[in-house]
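Okay, so here's the structure we're looking at.
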Amino acid sequence: MNTMDRKIAERRHEITEERARGRLRWLLWLVLVTGLIGATVWTFTSPLLAIQTVTVTGAERTNPEATARRLGIVPGIATISTRGGPVEAALLADPWIAVADVVVSWPGTVEIHVIERAPLVVVHTADGEFATAQDGVFVEVVDGGSIPPRIEAEQVGARRPGERVTDATTLAAIEFVAALPPSLRRTATVNVNGDRLAADVAGFDVVLGRPLEMALKAAAVEALIASDIEEGSRIDVTAPTRPAVGPPQSQLDVENETSQDTQPSD
């Protein structure tokens, strides 16, 4: 073999070795990357970073933890696969829950915070009686025999817990009840008749008129009752800045009878 052939052979050998070393380096990198990926996946799905605690705040009537558990959010589940959105949606489907916030925190905590609705008044409808929150949502069925505060509203469209009152006049009646102080609220019955409202508050007949300025009307009723008006008087707050007080019905009856007696006979 001459010198030229020997150099060619050596060069081919060098090229072959370089290619072999390149393939080895690539294989080593592949093993390293695969190992890192596997270690990362194992770390994030291992008990080290799994959900350890599920805490709930704001719940009295409801059981958000049971809802989370039903959706698979339990201690031991991987934090990386835990999502709060489905839990929030399920909680908000409960008519008792007005606000739901679910926060997933590393390395392994789920915090559930809810704000529950409180029943304010019983709304009597054509489909039954419902404990109703201030925002007009029916929270539960009342099995008859309800006591004030109460709203008589046959025209309400909602028919089951979870539905919301949409009738503007009934919503105004709820607003009026909510604006009363608790001592008067417990005595109040409001009647919804078309777009007109009337009430009985602490034994006083109250003319509320159209469903406007309900907070002002409640304040006017409170002030008049606190002023020691005659028991059984008729209160008209159709114009809440110019409320009027009429005599009790019994006195009106007497005055009418007296007026009739003094009329000259034909």
Legend entry - Pairs with Cβ under 7 Å, 6+ apart, first in segment 142-162 and within 14 Å of ALA131 (Cβ to Cβ), second open to solvent by 50 Å² or more (accessible area, probe 1.4 Å) and charged (D, E, K, R): PRO148/ARG186; PRO149/ARG185; PRO149/ARG186; ALA158/ARG164; PRO161/GLU140
Legend entry - Which numbered condition ARG210 misses (of (1) under 25 Å from GLN155 (Cβ atoms); (2) buried (at least 16 other Cβ atoms within 10 Å of the Cβ)): (2)
Inset, instruction - Would you be able to say whether some residue in segment 222-235 is outside any helix (DSSP H, G or I), out of contact with any helix residue (DSSP H, G or I) (no Cβ under 7 Å at 6 or more places or on another chain), buried (at least 20 other Cβ atoms within 10 Å of the Cβ) and at pLDDT 95 or above? - result: no
Inset, instruction - Would you check which residues across segment 103-123 are open to solvent by 20 Å² or more (accessible area, probe 1.4 Å), in a strand (DSSP E or B) and farther than 20 Å from ALA179 by Cβ and list them? - result: VAL103, VAL104, SER105, THR109, GLU111, HIS113, ILE115, GLU116
Legend entry - Residue satisfying all of: in segment 159-170; open to solvent by 60 Å² or more (accessible area, probe 1.4 Å) and of a type outside the set (S, T, N, Q); nearest to the chain's Cα centre (by Cα) among these: ARG164
Inset, instruction - Tell me which residues, restricted to segment 202-216, are of a type in the set (D, E, K, R) and under 16 Å from THR187 (Cβ atoms). - result: ASP205
Inset, instruction - Scan segment 62-87 for residues that are at pLDDT below 95 and in a loop (DSSP other than H, G, I, E, B) and jot them down. - result: LEU71, GLY72, ILE73, VAL74, PRO75, GLY76, ILE77, THR82, ARG83, GLY84
Inset, instruction - Determine if segment 70-86 includes at least one residue that is touching a residue at least 40 places away in the same chain (Cβ under 8 Å) and within 22 Å of the chain's Cα centre (by Cα). - result: no
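The values are calculated or read from the model by the stated rules, or taken from the named source; none is laboratory data. Computed from a prediction, not measured in an experiment: that's the story for all the values here. Virtual Cβ from ideal backbone geometry, glycine too; neighbours counted across all protein chains shown. SASA here: full protein model, heavy atoms, side chains in, ligands and nucleic acids out. Shrake-Rupley method; radii C 1.70, N 1.55, O 1.52, S 1.80 Å.
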